[in-house]
1. With respect to Gly302, determine if the residue is at pLDDT below 95, open to solvent by less than 30 Å² (accessible area, probe 1.4 Å), within 30 Å of Val224 (Cα to Cα) and out of contact with any Asp or Glu (no Cβ under 8 Å at 6 or more places or on another chain).
2. Which is touching a strand residue (DSSP E or B) at 6+ places or on another chain (Cβ under 7 Å) and more than 14 Å from Val122 (Cα to Cα), of Arg236, Arg208, Arg204?
3. With on the phi > 0 side of the Ramachandran plot and either open to solvent by less than 40 Å² (accessible area, probe 1.4 Å) or not hydroxyl-bearing (Ser, Thr, Tyr) (or both) as the only criterion, which of Gly316, Gly259, Gly249 stands out?
4. When you go through Ile276, Ile250 one by one, which is the residue that is touching a Ser or Thr at 6+ places or on another chain (Cβ under 7 Å), under 22 Å from Pro129 (Cβ atoms) and in a helix (DSSP H, G or I)?
5. For segment 1-12, how many residues are open to solvent by less than 50 Å² (accessible area, probe 1.4 Å) and either closer than 24 Å to Glu286 by Cβ or outside any loop (DSSP other than H, G, I, E, B) (or both)?
6. Considering only segment 157-169, state which residues are in a helix (DSSP H, G or I) and either loosely packed, with under 12 Cβ neighbours inside 10 Å or on the phi > 0 side of the Ramachandran plot (or both).
7. Among the hydrophobic types (A, V, I, L, M, F, W, C) and out of contact with any Asp or Glu (no Cβ under 9 Å at 6 or more places or on another chain) - does that describe any residue in segment 181-197?
8. Given the options Val140, Val152, name the one that is in contact with a Leu (Cβ under 6 Å, 6 or more places away or on another chain), loosely packed, with under 15 Cβ neighbours inside 10 Å and farther than 26 Å from Leu10 by Cα.
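The values are calculated or read from the model by the stated rules, or taken from the named source; none is laboratory data. Here the structure is a predicted model, which is why all the values come from computation and not from measurement. All Cβ positions, even for glycine, are placed from backbone atoms using ideal geometry, and neighbour counts span all protein chains on display. To get the accessible areas, we keep the full protein, side chains included, count just its heavy atoms, and leave off ligands, DNA and RNA. Shrake-Rupley method; radii C 1.70, N 1.55, O 1.52, S 1.80 Å.
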Amino acid sequence: MEERLPKGTLGGQAVIEGVMMKGPKSYSVAVRKPDHKIEVKLQKHQSFGDRHAVCKVPFIRGVVNFAEAMVIGMKTLTYSSSFYEEDEIETKADKLFKDIFKEKAENVIIGFTVLLSVIIAVALFMMLPAVLAEIIGKWVKSHIWLSVIEGVIRLVIFIIYVLLISQMEDIKRVFMYHGAEHKTINCYESGEKLTPENVARHTRYHKRCGTSFLFIVMIVSIFVFMFITAEQMWLRFLLRLILVPVVAGISYEFIRLAGRYDNAFFNILSKPGMWIQKLTTKEPEEEMIQVAIISVEAVLYGKTYVDAVNEAQGIGVSKD
């Protein structure tokens, strides 16, 4: 009988016309290209937790794993989008950038993009609600109620943001691949064989989803930010920024426990986050499920499997 990975080991992300899956020692990305062939790539990966013991400490590991997930997610997203980019003329600025950073140019771009994404997310989902709460604070004097109002504003902004981007055609397809990713992981963790028919029967919602993580972050932030009682507005904003890693660390521990234990307590607490997934996941087509299955099996069976899949389609053998 095939030895299966422990529950909670597999994680993933939808990319452009594809799915990324991450296991304990590697991650894969399978993309259905414009010619309808599925190209799969496998990359060995050693997490910070495996290299540095401190990165496995509860609450710290949440921040570290979130940062790692963002970097890997951006890399695989860039890789998948490369199959659908139109030919562009290289500008002098592009050439200068590559001349300066040489082979590290792509990593620098990814690092800058991740940093910019974090700044925008903090500004939109942390600082904007805080500013609006400061305005409302002229009429609401209760510190506790003001924290609750700020949390509600944060959640409303997040939902509006998701609803707006979900109207984009490309994003709709990404959300369908997101559903395929969840269904495939659910099928694997249930012990069933990975076939399109088996996968299709499973739910498109998952307790360890990034959407649920963001929802928990918003809820946890309400309670953490209640402890901010500084009189100066600038200091209150600064303390919110400083406490973001604390919020992320607590939220990660909850998601981790919820993903490992299937009991009434965690199931009830996970429900609101899974309801939000109704917005960020859609029912996938069978060809999307096929891509997700290949991505999972690439992590399970390694380079030999990846080369066999690519060779069968005339794509070639990977060098890594």
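1. Values: at pLDDT below 95: yes; open to solvent by less than 30 Å² (accessible area, probe 1.4 Å): yes; within 30 Å of Val224 (Cα to Cα): no; out of contact with any Asp or Glu (no Cβ under 8 Å at 6 or more places or on another chain): yes.
It is false that Gly302 is at pLDDT below 95, open to solvent by less than 30 Å² (accessible area, probe 1.4 Å), within 30 Å of Val224 (Cα to Cα) and out of contact with any Asp or Glu (no Cβ under 8 Å at 6 or more places or on another chain).
2. Details: Arg236 fails: touching a strand residue (DSSP E or B) at 6+ places or on another chain (Cβ under 7 Å); Arg204 fails: touching a strand residue (DSSP E or B) at 6+ places or on another chain (Cβ under 7 Å).
Just one listed residue meets the conditions, Arg208.
3. Working: Gly259 fails: on the phi > 0 side of the Ramachandran plot; Gly249 fails: on the phi > 0 side of the Ramachandran plot.
Within the list Gly316, Gly259, Gly249, the selection yields Gly316.
4. Details: Ile250 fails: touching a Ser or Thr at 6+ places or on another chain (Cβ under 7 Å).
Unique residue meeting the criteria: Ile276.
5. Residues of segment 1-12 that are open to solvent by less than 50 Å² (accessible area, probe 1.4 Å), as a first pass: 8-12.
Then drop every residue that is not either closer than 24 Å to Glu286 by Cβ or outside any loop (DSSP other than H, G, I, E, B) (or both), which leaves 10-12.
The total comes to 3.
6. Here is the first cut: in segment 157-169, the ones in a helix (DSSP H, G or I) are 157-165, 169.
Across segment 157-169, the qualifying residues are Ile160, Leu163, Leu164, Glu169.
7. The first filter runs over segment 181-197 and keeps only residues among the hydrophobic types (A, V, I, L, M, F, W, C), leaving 185, 187, 194.
Subsequent filtering for residues that are out of contact with any Asp or Glu (no Cβ under 9 Å at 6 or more places or on another chain) retains 185, 187.
Among the residues of segment 181-197, at least one is among the hydrophobic types (A, V, I, L, M, F, W, C) and out of contact with any Asp or Glu (no Cβ under 9 Å at 6 or more places or on another chain), which makes the answer yes.
8. Details: Val152 fails: in contact with a Leu (Cβ under 6 Å, 6 or more places away or on another chain).
Just a single option satisfies the conditions, and that option is Val140.
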